[in-house]
Structure formats: C-alpha cells, structure tokens
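Have a look at the structure below, then the notes.
Please treat every number below as a calculation from the coordinates, not as lab data. All values derive from a computational prediction rather than experimental measurement. Because the Cβ atoms are built from the backbone with ideal geometry, glycine has one as well, and the counts that use them run over all protein chains shown.
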Amino acid sequence: MDLRLKGLKVAVTGGTRGIGNAIVHLLADEGCDIATCGRAPERIDAVARDVAAAGVRFHGETVQGRDGDAMRQWVRNSIKALGGLDIFVASLSAGGGSDEERYWYRNFEIDLMSAVRGVEEALPTLRQSQNPSILILGTMAASETFVAPMAYNAIKAALITWSKQLSQQLAPEGIRVNCLSPGPTMFKGSNWEMIRVARSRIYDNAVRQQPTRRMGTAEEIAKAAVFLASPAASWCNGAHLLVDGGYSKRVSF
Ligand SMILES: NC(=O)c1ccc[n+]([C@@H]2O[C@H](COP(=O)([O-])OP(=O)(O)OC[C@H]3O[C@@H](n4cnc5c(N)ncnc54)[C@H](OP(=O)(O)O)[C@@H]3O)[C@@H](O)[C@H]2O)c1
C-alpha cells in the first residue's frame, strides 16, 4: 500500500526517543521531511544523523515543552526550515508520576499545553496543505484503570477528548485529526525498562495483563501512527485507536 507520504513535511514533538523517535524514522523512510524537538541536544544530533541517511530534510531543536513561547517558536522555525507543513504529531510527554499536585501541573503544562500550542501554531500552515492531518498520542491508561491514580492518565484523557472536538471543527477544512493510544510499550531507555528493574511487581503484572504476555515495541506503535497520519487514512477522522496488543479488556462498540 502506498501511504502517499513521500515529500510531505511533518513535525513530531518529542521525536528523539521511544515512540516519537520510531515515528520519525518510519516517516523519514517514507520520504517525509522531518522536524522534531526534545530537551537533550545530543539526542537531537543523533536523530539528525539517522534521518540524514534517508536523504530527507531535517530540522531539530532543543525545546522545553512547558515553555509555550519556545514551543510556538519551534513550530514556526520548523515550518520555515521545511518550507511548509502537512502533518503535526504531538508525541511529547512528561510521563507518569503520581497524583501529587505538582504532577498535575507538569502533565498539564508539558503533555497537554505543548500539544494545544503546537497545533494552534501549525494550523495556519496546515490549512495550506493538500494532505493535512494531526495525530495526538494518548494512552491506554486514560481509559483503563491502570496501576494507580495518576495526573498523567487524566490529562491524557483531556487530550483524547480535545482531539475528537478538533476533528469535528477542522473536518470541513479537510484537516483530519486522530488520536492513537498505545498500551505498555518497551524500548531501550523506556519508563517500562526502569519499572522492570525498580518495581518488578508492577512490570510483571502489566505483562500478565497482556494476552500476548509481552509488551509492545515502539515500532509496532509507530506503524499504526504513521498510517493514521498518512493520506492513505483519508477516511479516518476523529478516530481514537487503541494499539495495546489486547491489554484493555472492555468491548468497544
Ligand atoms: N511508552 C509507553 O509505554 C507509552 C504508553 C502509552 C502512551 N505513551 C505515549 O506515547 C508517547 C511517546 O511515549 P514514549 O514512552 O516514547 O516517551 P519517552 O520515551 O518518555 O519520550 C518522550 C519524548 O519527549 C521528549 N520530552 C520529554 N519531556 C520533555 C519536555 N519537558 N520538553 C521537551 N521534550 C520533552 C523526550 O526527549 P528529551 O528527554 O530529550 O526531552 C522524548 O523525545 C507519549 O505521548 C506517551 O505518553 C507511551
């Protein structure tokens, strides 16, 4: 299947590690020009080197996701560097924690507002694209009782709801908005790798809940994400796709 991604310009927040990074790699392999951001300069440099091998244009910047002005500036710089924008992917996340007050602010500012600000800044340029789409990364933990009450889970639920509302608002303009919620996903340096060492009971329990008895990989999530964001998914709009290997037990009608 031709995803019709070749030559499209894509901005991926948090594309320097894990799932965001796997999305960046797949998109570059499909011939997309890529912009991404994260905090660590050495990780931006590493992505630049990897993406260069695919022969596409790349723009990477260090950005602190909770800094609204910096986030908006990164989007503007990306559009300038790539010469436009067709797809915006919000993958950046501060990760889980607890439901202490400071985590509510952290996930609100970093997970939620980086996506909201990024989309706002990208919209005028997406409106000029022939194949515009927005993809928001949620989490299975927003819709499933999971580990413990966490600000992260609830803030991600807000992102999922917001993406649905956006899809209704933007569809008349031809802009598709979808959300993909991964289940527990393992990769080198992931939170789950740390949990496996530091809190093995939580890790073992998560694996037991998986009917496949294994965690997903970043590449498995990225394949679904890239399809949803691509022009090949032209009739997918307002979708919330759970990609969790069957972790969640409820029946979705
Ligand atoms: N992994 C899972 O099991 C899982 C499950 C469900 C949902 N998800 C969702 O899938 C997405 C990707 O998850 P992941 O596990 O691949 O994440 P990750 O490994 O924690 O990577 C997060 C990315 O965001 C960047 N980042 C983190 N905090 C930042 C900040 N304050 N400012 C700027 N950049 C920041 C990181 O780069 P720097 O560290 O260099 O800043 C990195 O590129 C997230 O939205 C996550 O909520 C993941």
**Study point:** Added length on full extension, which subtracts the Cα-Cα distance from 0.36 nm per residue, GLU120 to SER252
**Key:** 44.4 nm
Review point. For the chain, max minus min Cα coordinate along each principal axis, in Å, sorted largest first?
Key: 48, 42, 37
Exercise for review: First check a/c for the range 103-148, with a ≥ b ≥ c the square roots of the eigenvalues of its C-alpha gyration tensor; if it is under 1.5, answer rounded, and if not, answer prolate when a/b is larger than b/c or oblate otherwise.
Suggested key: oblate
Point to revise | Along principal axes, Cα extents of the range 40-186, largest first, whole Å | key: 43, 41, 29
**Study point:** Amide hydrogen neighbours beyond the local backbone of VAL243, cut-off 5 Å, H modeled
**Key:** SER181, GLY183
Check your understanding: Could you name the lysines in cross-link range of LYS6, using Cα to Cα under 25 Å and dropping any fewer than eight places away on the same chain?
Key -> LYS80, LYS223
Check your understanding: Of the GluC sites (Glu not before Pro) in the range 191-253, which ones lie in a loop per DSSP and count no more than 13 other C-beta atoms within 10 Å?
Key -> none
Check your understanding: Do you know the relative contact order of the range 151-239, to the nearest whole percent, from alpha carbon pairs under 8 angstrom that are 6+ apart?
Key -> 37
Exercise for review: Would you mind calculating the gained length between PHE108 and ARG213 on full extension (0.36 nm times residue separation, minus the Cα-Cα distance), in nm to one decimal?
Suggested key: 34.6 nm
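Expected output is a single nm value to one decimal: the length gained when fully extending between ALA198 and ALA154, i.e. 0.36 nm times separation in residues minus the C-alpha distance. What is it?
13.4 nm
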Study note, to complete from the structure: For the chain, averaging the sequence separation of alpha carbon pairs under 8 Å that lie six or more residues apart and dividing by its residue count, the contact order in percent is 20
Check your understanding: How many nm is it between the label spots at ALA40 and ASP67, if each spot is 7 Å from the Cα in line with the beta carbon?
Key -> 1.9
